[in-house]
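The next block holds one structure in the form of C-alpha cells; read it before the comments.
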Amino acid sequence: MSTLEINVGDLRVRAVEFTANELVVALVDGRRIATPLAWYPRLQRASAVERANYEIMPMGVHWPDIDEDLSVAGMLQGRRAR
C-alpha cells in the first residue's frame, strides 16, 4: 500500500478578511482560502474589532481577544473549530 503525498506549497498567511458568511485567508503565494464562518463559533460571535485584531503565526492565525487559533493546514483539511 502506498501513501499519496501532496505538496501543499507555502502556507504562510499574508492577510485575513471576513465576508458576511466566510473567513478568507490570503496566503503569501497568492492563494485564498475561504471557509464558512459558521465553522468557527468564537469568530462568528466576535465583534468586528475583535476579528480585526489578529496575529499572523508561522502556520496560521491567532485572535488574542477571543483566544482563537486556526491553522492553515486545518482549514485546507476542512477542520471546524472545537
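Amide H to amide H distances under 5 Å link Leu23 with Thr35, Leu37, where only residues 5 or more positions off or on other chains count and H is placed in the peptide plane. Within the shell defined by Cβ-Cβ distances under 12 Å, the residues around Met59 carry a net charge of -1, with Lys and Arg each +1 and Asp and Glu each -1. Rounded to whole numbers, the Karplus 3J(HN,Hα) couplings from phi for segment 26-39 are 9, 9, 5, 8, x, 6, 10, 10, 10, 10, x, 4, 4, 5 Hz, using 6.51 cos²θ - 1.76 cosθ + 1.60 with θ = phi - 60°, and x at Gly and Pro.
Under the convention that each Lys and Arg Cβ holds +1 and each Asp and Glu Cβ holds -1, the size of the dipole of segment 16-82 around its Cα centre is about 300 debye.
Backbone geometry of segment 57-72 corresponds, through the Karplus equation with coefficients 6.51, -1.76 and 1.60 at θ = phi - 60°, to 3J(HN,Hα) couplings of 9, x, 9, x, 9, 10, 10, x, 5, 10, 6, 10, 10, 10, 9, 5 Hz, x marking Gly and Pro.
Simple spin-label estimate for Arg31 and Gln44 gives 2.5 nm between the two label positions (7 Å along the Cα-to-Cβ direction from each Cα).
Along the charge dipole of the chain, which of Leu11, Tyr54, Ala34 sits closest to the positive end, that is, farthest toward it, with unit charges on the beta carbon of Lys, Arg, Asp and Glu (+1, +1, -1, -1)? Working it through, the farthest residue towards the positive pole turns out to be Ala34. Listed values for segment 46-54 are Karplus-derived 3J(HN,Hα) couplings in whole Hz (6.51 cos²θ - 1.76 cosθ + 1.60, θ = phi - 60°), namely 5, 6, 4, 5, 5, 5, 6, 8, 10, and x replaces Gly and Pro.
Every number in this text was worked out from the coordinates using simple rules, so none of it is lab data. Since this is a predicted model, take the numbers as computed values, not measurements. All Cβ positions, glycine included, derive from the backbone under ideal geometry; neighbour counts span all protein chains shown.
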